[in-house]
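Colleague: Have a look at the structure that comes next, please.
The values are calculated or read from the model by the stated rules, or taken from the named source; none is laboratory data. Every value quoted in this text rests on a predicted model; they were computed, and no experiment measured them. Please note: Cβ atoms are built from the backbone with ideal geometry, for glycine as well, and neighbour counts cover all protein chains shown.
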Amino acid sequence: VIDVSKRLLDLPTITDPRGHLTFVEGLRHVPFDIKRVYYLHHVPAGAERGGHAHHALHQVLIAVSGGFTVVLDDGHGQVRHRLDDARKGLLIKTMEWRELVDFTPGGVCLVLASRPYEESDYIRDYDTFLRAVGAKA
Ligand code: T46
């Protein structure tokens, strides 16, 4: 089972009377070179994102506005973590099933990814995922 406390990254944040500025450099603040950035926004109430795992992709998720809950599953157990602090990143590694649920209105999930988009990197079938991680015969 994934230990979420070991996956939370404290992103450098400069605070002054004008507000907060948080920044991220690849290979310095996240453990990979950043090859792609995308963001999930205007997510309707009740919508669920994710529902897959990746063979090779590493990602860091940041709740840059509002919040959402991440369900992480390594095939041997699930953990849920609420992300709602724009100064924190959540690292998701290879072969980890993820679901993003319960977005607040206006919630935005910024994702930093270690690789370009490749459909062949996705495992979208949960039984296939369980077999691949050795959690099912
Ligand atoms: C993940 C969660 C957090 C692209 O063309 N390029 C891209 O970089 C991405 C991420 C997606 N797409 C296309 C592929 C689909 O036709 O956008 C469409 C929606 O993608 P998907 O259903 O995979 O979106 P989510 O929100 O379920 O999952 C995404 C990422 O795919 C996934 O890696 O971890 O966000």
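Colleague: Going through segment 98-107 one residue at a time, which ones are under 16 Å from V60 (Cβ atoms) and more than 10 Å from the ligand (Cβ to nearest atom)?
Modeller: none
Conditions tested, residue by residue: (1) away from the ligand (no atom under 15 Å from the Cβ); (2) exposed (fewer than 11 other Cβ atoms within 10 Å of the Cβ); (3) within 13 Å of E99 (Cα to Cα).
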residue	(1), (2), (3)
V4	yes, no, no
D16	yes, yes, no
A45	yes, yes, no
G50	no, no, yes
A56	no, no, no
Q59	no, no, no
L72	no, no, yes
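Colleague: Failed condition for V37, given (1) within 16 Å of the ligand (Cβ to nearest atom); (2) of a type in the set (A, V, I, L, M); (3) part of a loop (DSSP other than H, G, I, E, B), with all others met?
Modeller: The number of the failed condition is (3).
Conditions tested, residue by residue: (1) away from the ligand (no atom under 16 Å from the Cβ); (2) surrounded by fewer than 18 Cβ atoms within 10 Å (Cβ to Cβ); (3) over 21 Å from V64 (Cβ atoms); (4) at pLDDT 95 or above.
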| site | (1), (2), (3), (4) |
| --- | --- |
| L83 | no, no, no, yes |
| A86 | yes, no, no, yes |
| E96 | no, no, yes, yes |
| C109 | no, no, no, yes |
| P116 | no, yes, yes, yes |
| D121 | no, yes, yes, yes |
| R124 | no, yes, yes, yes |
| D127 | yes, yes, yes, yes |
| A135 | yes, yes, yes, no |
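Colleague: Within segment 73-116, track down each residue that is touching a helix residue (DSSP H, G or I) at 6+ places or on another chain (Cβ under 7 Å), in contact (Cβ under 8 Å) with a residue 60 or more places away in the chain and among the aliphatic types (A, V, I, L, M).
Modeller: Within segment 73-116, V79 is the sole residue that qualifies.
Colleague: Hey, another quick one. Look at L27 and say whether it is near the ligand (Cβ under 9 Å from one of its atoms) and farther than 17 Å from D3 by Cα.
Modeller: Details: near the ligand (Cβ under 9 Å from one of its atoms): no; farther than 17 Å from D3 by Cα: yes.
Criteria not met by L27.
Colleague: Out of all the residues in segment 111-137, which are assigned to a strand (DSSP E or B) and of a type outside the set (F, W, Y)? Give the derivation first.
Modeller: The initial filter retains those residues of segment 111-137 that are assigned to a strand (DSSP E or B), namely 111-113, 122-123.
Of everything in segment 111-137, those that are assigned to a strand (DSSP E or B) and of a type outside the set (F, W, Y) turn out to be V111, L112, A113, I123.
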